[in-house]
Amino acid sequence: MIDLLSIAKTEADGGDLLGELSKLFKPADIKPTGYPDAIVWEGGNHCSGINPVAHSLTDAYALLGTIAATDILGLPFYGVPMWSQYRHDTNLESLSWFGNMPCTSIKWSTAGDAYVNDGKGGKVVVAGKSGNAPLRTQAGVYCNVRPYGPITVVRCMPCLPYSQDKPKFEVNSEGIVHSEMNTPAIQMAYANRLFLKMVNDTGHLGRVAMKPTQAMEDGINAGLHSWLLQGTKFKVGRKYAVDPYEEHKEKIDYIVSLLPSDFKDGMEDWEGQIEQHISDTNYGLLIWDLIEKRDTIVLATDLDGDRLTDLLADISDPLRAFGGIVAKHIGEDIDMWNAWAEMGYTTGNGRDMTSVMHRMSGPPIHEQTLGSADAMLLRLLDGDESMGGTKRPYDPRIHFVLIRDAYLDANPENEELRQWLDKALETFDSIYSGERPGFLEGYKSLKDAITPWGT
């Protein structure tokens, strides 16, 4: 078994993590385009006919969880080092390496994602707020898709709905919308099209969350949406009072001229129900969608979409708590988690909310946030994951869920792989049901119970 505790201590102490992991994995032949010096490792069984997935090796528990899960499952993978100490040495170049891997990828964001060691025992913020921002930019990410229960939010990554200064508002020769912000309008068009494709393919209700009368970028975004609807079979229920395409026609027509000539090919047969809302009204509607288990897809700007997904991640616990209060009032002692599941609700508490970042070119990047990874690592190193019984040990299920999603995305026709991954997840759930094992104990139990792929 891999000595995960030694890796954890090396990471926490700012030691030679590169050397530690170089002993575990061999250098890969694959290199991201334009980065011949990129460090990429190879692991798992590469002789099994499975398209490998690139895993980011990031900070703290995310690093340990990735190493443990890949070791247990044995699927072929590429590992790209992205932890803080290493990123500090390379001025975040490893983000570029990872974002340009020519295969489906898994990216972890942790509490350490925004920091690097300063060499004096402290940490400093680098590259703005988060390492995610430069990765998205250089990887050409145009939207982030986040499913949660019956609701899926499509976040248009480049669109920031803030600008109200019309004199500064223009579209340049490259299709960049200029105001207080610089927004790539072509990427907005791609996000809109993906949203409509998802509504068409799934038959789910489509809700639009924009502020076309308040934010200049949103006016363009909504106008592109209106243009894309033209010539399709979509039905629009609630509509914006003014057609944003007609309002910004000259600018949108220019952006359209920059798109591929076949951008709308096939869309004439797309259909579904679309409801256009001001973004602020969506949260109340989505709570009802959640309660009524209505399958819904939402198109939102990056900021508003981020707010919506954060609010959705937080709402299930209060709803369950209120249900428990009502049950207690009528004299019933009910486990609301069990009742919630029995009634067909599939949302947890936000930790099961994954993301998929779609790129202008290249396969998508699957993503998950572990905001308390540093704290969990310290608990492991202190030898008391429960903190005197006040907390439960870490649940690494999300690692296995995200790996499952990414490998199925990379191998969509492989039914054998799908069944094997589902069985592995069932095994995980059997081990982690009831009294949750400690991280190292759980690693050993899973290692013993799951036969690696290809063996």
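Classify the stretch 198-285 as rounded, prolate or oblate from the Cα gyration tensor: take a ≥ b ≥ c as the square roots of its eigenvalues, call it rounded if a/c is under 1.5, otherwise prolate when a/b beats b/c and oblate if not. It is oblate, given that a/c is not under 1.5 and a/b is not larger than b/c.
Stokes-Einstein, applied to the Kirkwood radius of the stretch 345-415 over Cα pairs at a viscosity of 1.567 mPa s and 4 °C, places its translational diffusion at 89 µm² s⁻¹. Placing pseudo-labels 7 Å out from each Cα toward the beta carbon at D409 and Q273 gives an inter-label distance of 2.9 nm. Taken along its principal axes, the alpha carbon cloud of the stretch 401-453 reaches lengths of 36, 18, 16 Å, longest axis first. For the chain, take the alpha-carbon Rg, divide it by the Kirkwood Rh, and send me Rg/Rh. Rg/Rh: 0.98.
Rounded to the nearest 10 degrees, the inclination of helix 439-449 to the longest alpha-carbon principal axis of the chain is 90 degrees.
Which order, highest average first, do 307-313, 65-71, 216-222, 10-16 follow once you tally other Cβ atoms within 10 Å for each residue and take the mean per peptide? If you can, show how the numbers build up before the last one.
Working: 307-313: 19.3, 65-71: 23.1, 216-222: 28.4, 10-16: 16.3.
In decreasing order of mean packing, 307-313, 65-71, 216-222, 10-16 become 216-222, 65-71, 307-313, 10-16.
Here C156, C143, C47, C103 are placed in order of increasing Cβ neighbour count within 10 Å, fewest first, which gives C47, C103, C143, C156. Computed from the C-beta positions of L378 and D265 and an R0 of 51 Å, the FRET efficiency is 0.45 to the nearest 0.05.
Take the Cβ-Cβ distance between I176 and I334 as r, set R0 to 60 Å, and report the resulting FRET efficiency rounded to the nearest 0.05. List each step's numbers first, then the result.
Working: r = 55 Å, r/R0 = 0.91.
Between I176 and I334 the formula returns 0.65.
What does the highest-first list of 439-450, 281-292 look like by mean Cβ count within 10 Å?
Working: 439-450: 17.3, 281-292: 15.8.
Top of the packing list down: 439-450, 281-292.
Modelled label positions at R238 and Q419, each set 7 Å beyond Cα in the direction of Cβ, lie 4.6 nm from each other. Rounded to the nearest 5, the antiparallel percentage of DSSP beta bridges internal to the chain is 45%. Where does helix 397-410 land angle-wise versus the long Cα axis of the chain, in degrees 0 to 90, nearest 10? That works out to roughly 60 degrees. Peptides 359-370, 239-250 ranked from most to least packed, by the mean per-residue count of other Cβ atoms within 10 Å: 359-370, 239-250.
Which residues in the stretch 246-275 have a backbone N closer than 20 Å to a point placed 7 Å from the Cα of T281 along the Cα-to-Cβ line? Once the point is set 7 Å along Cα→Cβ of T281, 246-247, 273-275 turn out to lie under 20 Å by backbone N, inside the stretch 246-275.
None of the figures in this text is laboratory data; all of them are computed from the coordinates on show. None of these values were measured; they are calculated from a predicted model. When we count neighbours, we look across all protein chains shown, and the Cβ atoms used for this are built from the backbone with ideal geometry, even at glycine.
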